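Worksheet for the structure shown next.
The values are calculated or read from the model by the stated rules, or taken from the named source; none is laboratory data. This structure is a prediction, so every number in the text was calculated from the model and none was measured. A quick note on method: Cβ atoms are made from the backbone with ideal geometry, for glycine too, and the neighbour counts reach across all protein chains shown. To get the accessible areas, we keep the full protein, side chains included, count just its heavy atoms, and leave off ligands, DNA and RNA. Shrake-Rupley method; radii C 1.70, N 1.55, O 1.52, S 1.80 Å.
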Amino acid sequence: DGTQVTFKSVKLQKYVCAENGGGSDISVNRDAASSWETFTLWRVSESEFQFRTVEGQFLSCYGNGCVVSATAKSASSTETFQIERNNDDRVHIKTKSGAYLQATIDNQLVADYPGNPGWDDNASTFEMSIVANNLHGDYQLGNGYGHNKAKEVLERHRSTFIDAGDFEFLHRNGINTVRIPVGWWIAYDPNPPAPFIGGTLKALDNAFSWAHAYKIKCIIDLHAAPGSQNGMEHSASRDGTVGWTTSESVSQSLHVIDFLASRYANHPALLGIELLNEPSAASVPLDILVPYYKHGYEIVRKHSPSAYVIVCQRIGNANPIELYQADIGSHNLVVDLHYYNLFDPFFFNLSPIENIRFIYESREPQIHALNDAKGPLVFIGEWVNEWNVTNGTQAEYQDFGRTQLEVYDAASFGWSYWTLKNDREHWDFEWNIKNNYLQL
């Protein structure tokens, strides 16, 4: 799910195109591929898919002989196609009724190829190219493996990845709080909606038990909201789009907050609840986000007068002061900022000393200014001892980490590192500590 592909007719040597990005019939008339010629996959089964245009419509075919269009706003059987592949990049595309699509000489895509096409340069054979395959989140895992295999994979992962020993390690190194990301489907455990897999609630309960045993507090962070609040894999986006802003998704998110607050409000390990991780500034307007934050604050307060309520800064082009001016709640309110010397082109060619200077010259003044602002506390909820420097020495990493700890320690609510364990060494907090790259 979310893989972006193009299709090129081997007979016409033209790309399949959704004119204007969608909203009309499909053409096979482009010499080169760009956004209109790129389709996002929704996986139905191992060989069946739905194709979404850049503007969000689905390709449709209503029966044998039909001209394929891109006008459907939702997908069902008439928007479902089977892909047959040979051993290279060549594919056939077949409707649910069994008709093969072909590129006609007048540049249409029609479900009327006679018989069973071979793999020569016929009108029903296309070259499929993968443009991007960037999403590898919960949605892709569950829908890709299928329920039974995904359940097996995730049960093995959850039983071995984080355990009581990790909390002992944190306690031994002076860490007093963990920020735990959860997906919205946790509120429907043990049988969440497909393709999500049950078991996250048990994992969270275990974390709370281990945290309490080692005198560590927990922040529960709604990291993946219904529909996805930022289009990224860690928000469980199906295809890279943002669908959270609908009233239904916002309401469902508030239900999840109510579920979490009611379940953990009286647990001695609870420190706070983060209402939403990293909403997109480009796709989530303040007039939707702020009322959600206010409502979420009231829900938490209904269950707890003292638990901290954490609201995350929008990612992208947004200033955290917008949340200080929003009058979200009266007490124990926290604004979460995420600081990375990554992702933005600004950081691509900085030297180690320039990275360190940026933290002192840009981030330290922002933290102090927000500390002095009336209202919420300041939380550096994500940062990492990694940068775009190639071949950085251990001493340079130590300096970079030391600088971040010094500056972020000044935040009135503190900081949390992303993440405790990771398959990439410098993103792995335990690896950094054990290998002396990060010195607490």
| query | Which condition number does VAL335 fail, the rest of (1) part of a helix (DSSP H, G or I); (2) farther than 15 Å from LEU405 by Cα; (3) of a type in the set (Val, Ile, Thr) being met? | reply | (1)
| query | Taking the condition within 22 Å of the chain's Cα centre (by Cα) and assigned to a helix (DSSP H, G or I), does LEU276 pass? | reply | no
| query | Is the range 4-23 home to any residue that is touching a residue at least 12 places away in the same chain (Cβ under 8 Å), of a type in the set (Ser, Thr, Tyr), assigned to a loop (DSSP other than H, G, I, E, B) and open to solvent by 10 Å² or more (accessible area, probe 1.4 Å)? | reply | no
| query | Among the residues of the range 44-63, which ones are of a type in the set (Ser, Thr, Tyr), at pLDDT below 95 and more than 20 Å from GLY144 (Cα to Cα)? | reply | TYR62
| query | CYS66 fails exactly one of the following numbered conditions: (1) farther than 22 Å from GLN102 by Cβ; (2) at pLDDT below 95; (3) of a type outside the set (A, V, I, L, M). What is the number of that condition? | reply | (1)
| message | Any residue in the range 130-149 that is over 11 Å from GLY2 (Cα atoms) sitting within a Cβ distance under 9 Å of a residue that is assigned to a helix (DSSP H, G or I) and aromatic (Phe, Trp, Tyr)? List the pairs, counting only those 6 or more apart or interchain. | response | ASP138/TRP185
| task | Could you check SER27 against (1) of a type in the set (Gly, Ala, Ser); (2) outside any loop (DSSP other than H, G, I, E, B); (3) open to solvent by 40 Å² or more (accessible area, probe 1.4 Å) and say which number it fails? | result | (3)
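Look through the range 208-251, keep the residues that are in a helix (DSSP H, G or I), open to solvent by 10 Å² or more (accessible area, probe 1.4 Å) and of a type in the set (A, V, I, L, M, F, W, C), and return whichever of them is farthest from GLY2 (Cα to Cα).
Taking the range 208-251 as the starting set, the residues that turn out to be in a helix (DSSP H, G or I) are 208-213, 233-235, 247-251.
Next, only the ones that are open to solvent by 10 Å² or more (accessible area, probe 1.4 Å) stay: 209-210, 212-213, 233-234, 247-251.
Okay, now just the ones that are also of a type in the set (A, V, I, L, M, F, W, C), so 210, 213, 250.
Working: TRP210: 36, ALA213: 41, VAL250: 23 Å.
Selected residue: ALA213.
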| request: Please identify the pairs in which a residue from the range 406-431 that is open to solvent by less than 40 Å² (accessible area, probe 1.4 Å) has its Cβ atom under 7 Å from the Cβ atom of a residue that is part of a strand (DSSP E or B) and hydroxyl-bearing (Ser, Thr, Tyr), counting only partners at least 6 apart or on another chain. | output: SER416/THR177
| note | Reported set for the range 317-356 where residues are touching a residue at least 40 places away in the same chain (Cβ under 8 Å), within 30 Å of ASN391 (Cβ to Cβ) and crowded, with 16+ Cβ neighbours inside 10 Å is LEU337, HIS338, TYR339, ASN341, PHE347, PRO352, ASN355, ILE356
| Lone qualifier among ASP106, ASP89 - being surrounded by fewer than 16 Cβ atoms within 10 Å (Cβ to Cβ), out of contact with any strand residue (DSSP E or B) (no Cβ under 9 Å at 6 or more places or on another chain) and within 23 Å of ILE26 (Cα to Cα) | ASP106
